[in-house]
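Report on the following structure.
The values are calculated or read from the model by the stated rules, or taken from the named source; none is laboratory data. Just so it is clear, the model here is predicted, and its values are computed rather than measured. Every residue, glycine as well, gets a Cβ built from its backbone with ideal geometry; the counts of neighbours run over all protein chains shown. Note: accessible area is taken over every heavy atom of the protein model, side chains too, but ligands, DNA and RNA are not part of it. Shrake-Rupley method; radii C 1.70, N 1.55, O 1.52, S 1.80 Å.
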Amino acid sequence: MSRKTIDILGVQVDSIEFEKAVDVAESLMKSEKTSMIFTPNPEIIMCAKDDGELRSILNAADLCTADGIGVVYASRIMGKPVPERVAGFDVVCALLERAAKSGTGVFLFGAKPGVAEIAKKNLEEKHPGIKIVGTHDGYFKEEDEADIVTQINESGAQLLLVCLGAPKQEKWIAKHKDELNVNLCMGVGGTLDVLAGTAKRAPKLFIRLNLEWFYRLLKQPTRIGRMMVLPKFILVVKKDKKEKAKLERKKK
Ligand code: UDP
């Protein structure tokens, strides 16, 4: 499978359309080698800029999609625009639909106690026949991790959704990848909260106008600190672009 990726502050992000990303995710979900999908947003890329371990983990993924309009803008600034935003939540929803059809086992891992169970119930109502083979909350001690891995493996899941927030989920997946018998691990942040209905996705109009970040800010004004990373991210990307152009000129 050949990938077209672009470099954003050292993170290789796939330049791929949404539908194609779902096809790739489905084929990884069906293939026995344990794969990883991450969906970096500006916050994660900024974190990876200063965290070499996170950067290496993201760059070892089988698919890394541009989650967030900020990443799409960054790709335009770098002169290599990705075709569209590919939000982790949307990929998960499309993949779960396919998993329900093919009878693929899914394990929901993360969020506060009880949230994954509500997400399971909601998914079973929405997709009769879907196989949610296990759940575990995301608040655990390091010494519990071996038991969690055993529980996931014994469930027979092929798709594992890890929703611990970034960079915890990426690091957890990378740490346990070789012990996990699942086909595909996805690090997808607040997805279980939305599937459970404890958090809401923005209305479609906001998403279409690329204003999902604004809706989130209205709903959760305490996110302002986290969101201030967005303008900073754009500035850092512009600076990086200038430095790369300078280097190119020197080479000539
Ligand atoms: N979370 C968790 N364990 C932790 C920290 C966070 O399971 O130790 C969960 C948290 O309950 C939430 C998700 O991770 O469900 C992260 O949500 P956030 O809104 O940060 O996700 P994002 O904005 O990255 O989608």
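Write out, first by first residue and then by second, each pair whose Cβ atoms fall under 9 Å of each other, whose residues are 6+ apart or on separate chains, and whose first residue, in region 162-189, is assigned to a helix (DSSP H, G or I) while the second is of a type in the set (Asp, Glu) and within 14 Å of the ligand (Cβ to nearest atom).
Trp172/Glu145; Lys175/Glu145; His176/Glu145
Look at region 123-179 and say how many of its residues are within 19 Å of Thr34 (Cα to Cα) and at pLDDT below 95.
0
Just name the residue that is surrounded by the fewest Cβ atoms within 10 Å (Cβ to Cβ) out of those in region 81-90 that are within 16 Å of the ligand (Cβ to nearest atom) and of a type outside the set (D, E, K, R).
Phe89
Just a yes or no: is a residue in region 192-205 out of contact with any helix residue (DSSP H, G or I) (no Cβ under 6 Å at 6 or more places or on another chain) and free of Cβ contacts under 8 Å to residues at least 12 places away in the same chain?
yes
Has region 16-39 got any residue that is at pLDDT 95 or above, closer than 24 Å to Arg208 by Cα, open to solvent by 40 Å² or more (accessible area, probe 1.4 Å) and part of a loop (DSSP other than H, G, I, E, B)?
Yes, there is a match, as at least one residue in region 16-39 is at pLDDT 95 or above, closer than 24 Å to Arg208 by Cα, open to solvent by 40 Å² or more (accessible area, probe 1.4 Å) and part of a loop (DSSP other than H, G, I, E, B).
Looking at region 91-141, which of its residues are part of a loop (DSSP other than H, G, I, E, B) and open to solvent by 20 Å² or more (accessible area, probe 1.4 Å)?
Within region 91-141, the subset part of a loop (DSSP other than H, G, I, E, B) is 103-104, 111-114, 127-130, 137-141.
Across region 91-141, the qualifying residues are Gly103, Lys112, Pro113, Gly114, His127, Pro128, Gly129, Asp137, Tyr139, Phe140, Lys141.
Would you tally the residues in region 47-61 being over 30 Å from Ile132 (Cα atoms), in contact (Cβ under 8 Å) with a residue 24 or more places away in the chain and open to solvent by 20 Å² or more (accessible area, probe 1.4 Å)?
Residues that pass the stated criteria total 5.
Return the pairs, sorted by first residue and then second, in which the second residue is assigned to a helix (DSSP H, G or I) and open to solvent by 40 Å² or more (accessible area, probe 1.4 Å), the first residue lies in region 14-26 and is touching a residue at least 60 places away in the same chain (Cβ under 8 Å), the beta carbons are less than 8 Å apart, and the residues are 6+ apart or on different chains.
Hits for this filter: Phe18/Asp90; Val22/Arg98; Glu26/Arg98.
What single numbered condition from (1) in contact with a strand residue (DSSP E or B) (Cβ under 9 Å, 6 or more places away or on another chain); (2) within 28 Å of Gly156 (Cα to Cα) fails to hold for Phe89?
The one condition Phe89 does not meet is (1).
Report the residue count in region 151-185 for those that are surrounded by fewer than 19 Cβ atoms within 10 Å (Cβ to Cβ) and near the ligand (Cβ under 10 Å from one of its atoms).
Number satisfying all stated conditions: 2.
Here is a check on your reading of the model: is Cys64 open to solvent by less than 40 Å² (accessible area, probe 1.4 Å), in contact (Cβ under 8 Å) with a residue 24 or more places away in the chain and either closer than 24 Å to Gly225 by Cα or away from the ligand (no atom under 14 Å from the Cβ) (or both)? Steps first, answer last, please.
Working: open to solvent by less than 40 Å² (accessible area, probe 1.4 Å): yes; in contact (Cβ under 8 Å) with a residue 24 or more places away in the chain: yes; either closer than 24 Å to Gly225 by Cα or away from the ligand (no atom under 14 Å from the Cβ) (or both): yes.
When the stated conditions are applied, Cys64 passes them.
Just a yes or no: is a residue in region 75-86 part of a helix (DSSP H, G or I) and of a type in the set (A, V, I, L, M)? Even if it seems obvious, please write down each step before you answer.
Here is the first cut: in region 75-86, the residues part of a helix (DSSP H, G or I) are 75-77.
With of a type in the set (A, V, I, L, M) added as a condition, the list becomes 77.
Yes: region 75-86 contains one or more residues that are part of a helix (DSSP H, G or I) and of a type in the set (A, V, I, L, M).
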